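The following block contains the structure, expressed as structure tokens.
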Amino acid sequence: MKLSELLKSVSILQIVGPAETEITGVNIDSRKIEKGHLFVAIKGTQTDGHKFIAKAIELGATAILCEDMPEEKIESVSYLQVASTEDVVGQVATNFYGNPSKKLKLVGVTGTNGKTTIATLLYNMFRKFGHRCGLLSTVCNYIEDEAIAADHTTPDPIELNHLLHRMVEAGCEYAFMECSSHAIAQKRIGGLTFAGGIFTNLTRDHLDYHKTFENYRNAKKAFFDGLPKEAFAITNADDKNGSVMVQNCKANIKTYSIRQMADFRAHIIECHFEGMYLEINGREVGVQFIGKFNVSNLLAVYGAAVMLGKNPEDVLVVMSTLKSVAGRLEPIRSKDGITAVVDYAHTPDALENVLNAIHEVLEGKEGHVITVCGAGGNRDKGKRPLMAQEAVKQSDRVIITSDNPRFEEPQDIINDMLAGLTPQQMKKVVSIVDRKEAIRTACMMAQKGDVILIAGKGHEDYQEIKGVKHHFDDREVVRDIFNS
Ligand SMILES: CC(=O)N[C@H]1[C@@H](OP(=O)(O)OP(=O)(O)OC[C@H]2O[C@@H](n3ccc(=O)[nH]c3=O)[C@H](O)[C@@H]2O)O[C@H](CO)[C@@H](O)[C@@H]1O[C@H](C)C(=O)N[C@@H](C)C(=O)N[C@H](CCC(=O)O)C(=O)O
Ligand SMILES: Nc1ncnc2c1ncn2[C@@H]1O[C@H](COP(=O)(O)OP(=O)(O)OP(=O)(O)O)[C@@H](O)[C@H]1O
Ligand SMILES: N[C@H](CCC[C@H](N)C(=O)O)C(=O)O
Ligand SMILES: [Mg+2]
């Protein structure tokens, strides 16, 4: 692609070197540069991409997009200066891959919890409607049936546009994606054209990165500020930030609620371990999910499907066939009548909700609740004591253990969690650093009718310790224990 074509709609402050050249690829990481690539130098949280300009050229970069012009320049290389590389990299990536989001109906989901669930259910639903679809999510990316491992919730702008381009090539009509707050703040979704946006909820998470709750909220809001007027924006009227999100949104705004008047409304008629019976906008439907929060998630799915032009009755028929997403309230039963539930709850709010869901189902029955949970290392420390409090509030026994310690000492993380508890609360808590031992202990404590919640890692099949991912899967561990 010609450099001028690649930089369409990008405001360039200065060009040094050849104004036109043929570009074979775009990269923000010097280590991935190949001959003929454009290297985009970005100032990051760990280092400054500008430091790797020389390295990129050595590897074959023929053009450099930067904020600061390097002092030493090479004659054959084009240097293009912009005010903010982060602001324009999305547009450049989109241009390079032929504007794939415009050729798809792209729906983005943002909020603290529920993104993976909603995006995945929409992908499953639209495939059941017979459409070719793509999915970008924390668990895995998909182009129709082809699974492509995901290492971020939202990929970097280059990979993101590459994946969307591959979806277009594969004949996809729809793409559903999660928009993490990091991704929005870092403009990974810059330049994309969305057909719709969904807001789930906003509670505490990622304050290590955003510093204040307000910054975190504004990052999410920026997604809705950027939606075009042709798009729809579906927001959760039950969340106190639901209306803030769409304050400056030009799109067609719709609301959903399980508590008040809204465009999309639902209430629970009946609930058991296998699922719920719901009324959605006046029609009844049986679903294979539990938990009030899943009613909200399903409403968001319903709303988006209707806004994408589907007939409400058909949507409910397909909805009744949808199954829970990997590692989200995934039940595993023992021969002796114990139920383990593996869930990805890794915020105080998610823990509260998941435990609520378990109690809603247990209501009137004998069983106790035993919770196994930890907190991730090198992430928001403030959430740790709050997570322990939530676990203790609604469990009969709690085993505090390790999640992904990353570069922290596991015992330090556990201590941060325990610091949130009173001596009285401590009486129902034990801490066991080794996660497998913690799960085994919970299984030993449990009796017929009890529920063991294993929270935090959901679908993850690894435990990340000091930069190394060791194989670890909560579901596998609990199945082995149940079968032995
Ligand atoms: C804090 C954070 O989000 N960091 C992301 C950010 O990296 P950064 O700003 O720290 O980059 P940096 O390491 O300082 O490097 C600056 C620039 O120099 C470049 N570089 C660096 C080294 C080199 O040799 N050559 C080179 O060119 C880098 O490619 C980069 O462009 O931009 C990178 C490219 O997009 C991301 O890979 C990286 O994700 C890190 C690894 C990460 O762990 N992110 C997590 C927190 C994250 O993004 N999570 C959210 C989900 C959270 C949720 O659950 O909601 C996600 O979307 O996955
Ligand atoms: N609507 C919701 N409200 C509150 N909690 C929820 C909701 N949906 C799911 N959860 C809880 O949050 C956990 C994570 O759900 P999910 O993976 O769908 O969220 P996410 O927003 O994609 O998370 P991440 O930011 O880590 O990608 C679930 O395992 C469940 O415990
Ligand atoms: N995407 C989230 C996932 C957290 C999952 C939990 N298992 C942890 O490691 O903290 C994050 O990176 O904060
Ligand atoms: Mg997710």
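The values are calculated or read from the model by the stated rules, or taken from the named source; none is laboratory data. Quick caveat: nothing in here was measured; it's all calculated off a predicted structure. Methodologically, a virtual Cβ is constructed for each residue, glycine included, from the backbone with ideal geometry; neighbour enumeration extends over all protein chains shown.
What's the number of the condition E390 fails, among (1) away from ligand 2 (no atom under 14 Å from the Cβ); (2) within 13 Å of G456 (Cβ to Cβ)?
Single failed check for E390: (1).
In the set I53, I33, which member is touching a Phe, Trp or Tyr at 6+ places or on another chain (Cβ under 9 Å) and more than 20 Å from E159 (Cβ to Cβ)?
Working: I33 fails: more than 20 Å from E159 (Cβ to Cβ).
Unique residue meeting the criteria: I53.
Within region 359-405, track down each residue that is under 12 Å from K428 (Cα atoms) and in contact with a Cys (Cβ under 6 Å, 6 or more places away or on another chain).
Within region 359-405, A391 is the sole residue that qualifies.
Yes/no per residue for (1) among the aliphatic types (A, V, I, L, M); (2) more than 15 Å from ligand 2 (Cβ to nearest atom):
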{"position": "K115", "(1), (2)": "no, no"}
{"position": "Y123", "(1), (2)": "no, no"}
{"position": "E144", "(1), (2)": "no, yes"}
{"position": "A147", "(1), (2)": "yes, yes"}
{"position": "T154", "(1), (2)": "no, no"}
{"position": "R166", "(1), (2)": "no, yes"}
{"position": "E169", "(1), (2)": "no, yes"}
{"position": "Y174", "(1), (2)": "no, yes"}
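List pairs: first in region 108-130 and farther than 21 Å from D225 by Cβ and outside any helix (DSSP H, G or I), second of a type in the set (G, A, S) and within 16 Å of ligand 1 (Cβ to nearest atom), Cβ under 6 Å, 6+ apart or cross-chain?
Correct list of pairs: N113/A350.
Right, something else. Any idea how many residues of region 362-385 are surrounded by fewer than 22 Cβ atoms within 10 Å (Cβ to Cβ) and either outside any loop (DSSP other than H, G, I, E, B) or within 11 Å of ligand 3 (Cβ to nearest atom) (or both)?
8
Condition test on L418, is it more than 16 Å from ligand 2 (Cβ to nearest atom), assigned by TED's automatic domain parsing to the domain that holds T347 and surrounded by fewer than 22 Cβ atoms within 10 Å (Cβ to Cβ)?
yes
Considering each of A147, A175, A183 in turn, give the residue that is surrounded by fewer than 23 Cβ atoms within 10 Å (Cβ to Cβ) and of a type in the set (A, V, I, L, M).
Details: A175 fails: surrounded by fewer than 23 Cβ atoms within 10 Å (Cβ to Cβ); A183 fails: surrounded by fewer than 23 Cβ atoms within 10 Å (Cβ to Cβ).
After ruling out the rest, the residue left standing is A147.
Right, another one. Which members of region 111-144 meet the condition of being on the phi < 0 side of the Ramachandran plot, away from ligand 3 (no atom under 16 Å from the Cβ) and either surrounded by fewer than 22 Cβ atoms within 10 Å (Cβ to Cβ) or under 10 Å from the mean Cα position of the chain (by Cα) (or both)?
Within region 111-144, N124, R127, K128, F129, H131, R132 qualify.
Hey, another quick one. Would you point out the residue of region 131-147, among those that are within 13 Å of ligand 1 (Cβ to nearest atom) and not in a loop (DSSP other than H, G, I, E, B), that is nearest to D380 (Cα to Cα)?
For region 131-147, the residue satisfying everything is L136.
Related question: From D314, D343, grab the single residue that is charged (D, E, K, R) and either more than 16 Å from ligand 1 (Cβ to nearest atom) or outside the structural domain of D461 (by TED's automatic domain parsing) (or both).
Selected residue: D314, the only one of D314, D343 that is charged (D, E, K, R) and either more than 16 Å from ligand 1 (Cβ to nearest atom) or outside the structural domain of D461 (by TED's automatic domain parsing) (or both).
When you scan region 378-391, how many residues do you find that are more than 12 Å from M417 (Cβ to Cβ) and in contact with a strand residue (DSSP E or B) (Cβ under 7 Å, 6 or more places away or on another chain)?
1
Listed here are the residues, each with its yes/no results for (1) on the phi < 0 side of the Ramachandran plot; (2) out of contact with any Lys or Arg (no Cβ under 9 Å at 6 or more places or on another chain); (3) within 16 Å of ligand 4 (Cβ to nearest atom); (4) aliphatic (A, V, I, L, M).
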{"position": "I15", "(1), (2), (3), (4)": "yes, yes, no, yes"}
{"position": "L59", "(1), (2), (3), (4)": "yes, no, no, yes"}
{"position": "E71", "(1), (2), (3), (4)": "yes, yes, no, no"}
{"position": "E75", "(1), (2), (3), (4)": "yes, yes, no, no"}
{"position": "S78", "(1), (2), (3), (4)": "yes, yes, no, no"}
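Okay, next question. Cβ-Cβ distance below 8 Å, separation of 6 or more or different chains: which pairs start in region 308-328 with a residue that is surrounded by fewer than 17 Cβ atoms within 10 Å (Cβ to Cβ) and end on one that is hydroxyl-bearing (S, T, Y)?
Qualifying pairs under 8 Å: P312/Y302.
Follow-up. So if I check each of G25, G108, G44, which one is out of contact with any Pro (no Cβ under 9 Å at 6 or more places or on another chain), under 20 Å from I184 (Cβ atoms) and crowded, with 17+ Cβ neighbours inside 10 Å? Can you show your working first?
On the way: G25 fails: under 20 Å from I184 (Cβ atoms); G44 fails: crowded, with 17+ Cβ neighbours inside 10 Å.
Exactly one of G25, G108, G44 is out of contact with any Pro (no Cβ under 9 Å at 6 or more places or on another chain), under 20 Å from I184 (Cβ atoms) and crowded, with 17+ Cβ neighbours inside 10 Å, namely G108.
Just to confirm my filter: which strands (runs of 3 or more DSSP E) fall fully inside region 232-287 and include at least 2 residues that are touching a Cys at 6+ places or on another chain (Cβ under 7 Å)?
none
Residues to consider are S431, S484; find the one that is more than 16 Å from I338 (Cα to Cα) and either in contact with a Gly (Cβ under 8 Å, 6 or more places away or on another chain) or of a type outside the set (D, E) (or both).
Step by step, each of S431, S484 is checked, and only S431 is more than 16 Å from I338 (Cα to Cα) and either in contact with a Gly (Cβ under 8 Å, 6 or more places away or on another chain) or of a type outside the set (D, E) (or both).
Oh, and also: Only one of these is of a type in the set (A, V, I, L, M, F, W, C), without any contact (Cβ under 8 Å) to a residue 40 or more places away in the chain and over 24 Å from N124 (Cβ atoms): A222, A183, A149. Name it.
The match here is A222.
Something else about it: Looking at (1) closer than 15 Å to E86 by Cβ; (2) small (G, A, S); (3) not in a loop (DSSP other than H, G, I, E, B), can you tell me which one A56 breaks?
Answer for A56: the failing condition is (1).
Name the single residue that is surrounded by the most Cβ atoms within 10 Å (Cβ to Cβ) among those in region 209-267 being within 16 Å of A195 (Cα to Cα) and basic (K, R).
K254
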